[in-house]
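Peer 1: Sharing a structure, written as structure tokens. Questions coming.
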Amino acid sequence: MAHKSAENGHPSVTVGIDLGTTNSSIAILRDGVPEVLTDGDDGLVPSCVGVDSAGKIIVGREARNQAVLFPERTVVSIKRRMGTGERIPLGDKEYTPQEISAFILRYLVTRADKLLGKSVSRVVITVPAYFTDAQRKATREAGQLAGLEVERILNEPTAASLVYEAGSQQASTVLVYDLGGGTFDVSVVASEQGVVEVLATAGNNRLGGDDFDSLIVERLNKQLDAAGGKSLRSDRATQARLRYAAEEAKKRLSTGPYTSVEEDNLGMALRKPVNLSCELTRHDFEQDIERLLAGTLRDVDKALRDAGVRANKIDRVLLVGGSTRIPRVADLLEKRFRKAPDGSVDPDRCVALGAALHAGLIAGEDVRAVLVDITPYTFGTQVVGDLNGLMTHNKFLPVIPRNSKLPVTKSELLSTLSPAQSSANFVIYQGEDPDIRNNTKIASVTLTGLNQDSNAFEDGILLRYKLNLDGILEFSARERVTGRAISGRIEDVLAARPDIERGGDEVAFAAGAGVPEEDPTDDYAEDLVRRAREALDSAPEEDAKEVRRLLRSLSFAKKLGRRAKADEVAGELAELLFFLE
């Protein structure tokens, strides 16, 4: 992949760059395998540019850390402004979005120069598939301002598909669901004999993790309002601290059911600074973002229609972008496609890896498939819950989903069946069936000495699983009020045999201590019903009859609270509407 620079005769290297809203990364192809370049870190460089106290331009983590204290001297989420005519104030100067992005690109390339010991001048830069021509042009211009030869502006879903499909000769059709920090893309991609073709794309260039952060910030501001800090909504330093706290809280809620936010001495300019201490739950967060996620599902349906592909013809749903780590995203997609989405390649690095693969293809390199370690099984626990419309003690609650990239840590919040309960059995199962009797029992331990007052019951028990690369599953159950806990480890669970052992009488947990499961997405269901009623006017009689039957079934299932049935009917209705609209 090396070539001679026309200017100085020194060897140059072609790399792939993911220029992201929240983080950016640079990757190279080594011996046919792409890798993100790291420098004592995880390879993710915050897409932040600032000016320090001496007037020097700073980029990456240094700028990200400064943003909390000096937001007026720091620029974040510049990707959302690409293609606009805005002028961005920074220190005593103003810059275009292209110039700000150029600082990030030059920082990444300088990093690569040092790590590789070679000059980097040729790049493949990725952009959302839904980027406009103006945004693409601005991205190319940013590369040129950084002194780089931009070999290709590559669509992010195409890059992601390359990672998953490299070396595969089997024909497949995949849906790439790319939800990043500031943009959302969905693409239907066909791959056959090494050729990857985007059939259709849809999305929203103003939707991403930043918007989810804003919803958390609003919750935090309401807490401050109640504490007498209403004037802090216009305080830039306070809002920058809240945004940073919100982003970190969002990440923690992707692996646990609740998190705490503690920020002291907010509003230092006030006569009396305000302290913030509050708890956020995954349930509340998911409620806040549900409307936004429903919008992504409408884009999914649009992409399928434009590609002329039915949902049941999609071989895989690929998760790309850091925001797809939010558990609710995978839940909604699994309901829509009747299969678990695949996030086995790190969603934060997948696009950069694909860009490096494409750079290798341009240079004529041999490309091999990317090898990743994942868990082929789902690990969970036995709870009391709804199973096919009936309450039963044989309900399986997944904790670590199949295809999770290793190592992985996940947790769930449970409650005992009653406040008077002094002990609870903790039963681990492996499998994919919602009925534990069809899964494999791995272990069973008992947590004793539980606090029997109502506060302990309401706060619940935190269940935590940790699965490492060696197939060792560590588990713990901790009562939140008392801190009383039990833990253990199981060796080589990935080699477990599917010998089913029944354990239905051991359960003593109920799902979601005060965190009930949600109904199907209201906005999405309402949109389906609206579209179905509009389609009745022009639909052939037989199809109209089927639409009316499905509408009645959906209404009946929702009234009875039969979520699984409602989801099933909604899927059938969406499939039928695809051909009627």
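Peer 1: What ranking of Thr38, Thr440 comes out by heavy-atom accessible area, probe 1.4 Å, highest first?
Peer 2: Numbers: Thr38 65, Thr440 10 Å².
Largest accessible area first, the list is Thr38, Thr440.
Peer 1: Taking only protein heavy atoms and a 1.4 Å probe, what accessible area per residue, in Å², does the chain have with all protein chains in place? Spell out each step's value before the answer.
Peer 2: Working: 25880 Å² over 581 residues.
Solvent-accessible surface per residue comes out at 45 Å².
Peer 1: Okay, next question. What helices does the chain hold that run 15 Å or longer along their axis, going by alpha-carbon atoms, with a Kyte-Doolittle average of -0.5 or more, using DSSP H for the helix calls? Each step should come with its number before you reach the end.
Peer 2: Working: long enough: 97-116 (29 Å, 0.35); 133-145 (18 Å, -1.45); 209-226 (26 Å, -0.52); 236-253 (25 Å, -1.21); 282-307 (35 Å, -0.85); 327-337 (16 Å, -0.46); 350-362 (18 Å, 1.98); 522-536 (21 Å, -1.01); 541-559 (27 Å, -0.99); 563-580 (25 Å, 0.52).
Going by DSSP H runs, the hits are 97-116, 327-337, 350-362, 563-580.
Peer 1: Oh, and also: Express in nm, to one decimal, how much length is gained between Asn65 and Arg489 on full extension, taking 0.36 nm for each residue of separation and deducting their alpha carbon distance. Write out the running numbers ahead of the final one.
Peer 2: Details: separation 424, 0.36 × 424 = 152.64 nm, distance 3.72 nm.
Contour length minus the Cα-Cα distance gives 148.9 nm.
Peer 1: What size of dipole, in debye to the nearest 20, comes out for the chain about its Cα centre when the only charges are +1 on Lys and Arg C-beta atoms and -1 on Asp and Glu C-beta atoms?
Peer 2: On the way: 75 positive and 88 negative charges, 162 e Å.
Using Cβ point charges on Lys, Arg, Asp and Glu, the chain gives about 780 debye.
Peer 1: Here is a further query. Just to verify a number: FRET efficiency for Asp39 and Arg548, C-beta to C-beta distance, R0 = 45 Å, to 0.05?
Peer 2: Working: r = 62 Å, r/R0 = 1.37.
That pair, Asp39 with Arg548, gives E of 0.15.
Peer 1: Turning to a different aspect of this structure: How many angstrom separate the Cα center of the range 316-360 from the Cα center of the range 111-168?
Peer 2: Cα centroid of the range 316-360 versus Cα centroid of the range 111-168: 19 Å apart.
Peer 1: Next question. Using helices alone, what [θ] at 222 nm do you get for the chain, with -39,500 (n - 2.57) per DSSP H run of 4 or more residues, divided over all residues and rounded to the nearest 500?
Peer 2: On the way: 13 runs with 196 residues, N = 581.
Helix-only estimate at 222 nm: -11000 deg cm²/dmol.
Peer 1: A further question on this structure: Between Arg530 and Asp315, what is the spin-label point distance in nm, taking each point 7 Å from the Cα along the Cα→C-beta axis?
Peer 2: 3.6
Peer 1: Continuing with this model, one more query. Keeping the other protein chains in place, figure out the carbon and sulfur percent of the accessible area of the chain, with a 1.4 Å probe. The partial results should precede the final answer.
Peer 2: Values: 12000 of 25880 Å².
The computed percentage sits at 46.
Peer 1: So I have [x] 28.3; [y] 45.5; [z] 30.1, and one of them is mean projected area of the Cα convex hull in nm² calculated from this model. Which one is it?
Peer 2: [z]
Peer 1: Right, something else. Using the basic label-point model (7 angstrom from Cα toward the beta carbon), what is the Arg291 to Ala363 distance in nanometres?
Peer 2: 4.8
Peer 1: Could you tell me the extents of the range 153-220's C-alpha atoms along the three principal axes, largest first, rounded to whole Å?
Peer 2: Principal extents (Cα only, largest first): 51, 21, 19 Å.
Peer 1: Stretched out fully, how many nm does the piece from Glu149 to Asp386 gain, at 0.36 nm a residue minus the Cα gap? Please list the in-between numbers first.
Peer 2: On the way: separation 237, 0.36 × 237 = 85.32 nm, distance 5.77 nm.
Between Glu149 and Asp386, full extension yields an extra 79.6 nm.
Peer 1: Could you give the length gained on full extension between Glu192 and Asp264, defined as 0.36 nm per residue of separation minus the Cα-Cα distance, in nm?
Peer 2: On the way: separation 72, 0.36 × 72 = 25.92 nm, distance 5.60 nm.
Using 0.36 nm per residue and subtracting the Cα-Cα distance, I get 20.3 nm.
The values are calculated or read from the model by the stated rules, or taken from the named source; none is laboratory data. What you see is a predicted model; the values in this text were computed from it and never measured. Reconstructed Cβ throughout: ideal geometry from the backbone, glycine too, with neighbour counts over all protein chains shown. With ligands, DNA and RNA removed, areas are computed over all heavy atoms of the protein, side chains included. Shrake-Rupley method; radii C 1.70, N 1.55, O 1.52, S 1.80 Å.
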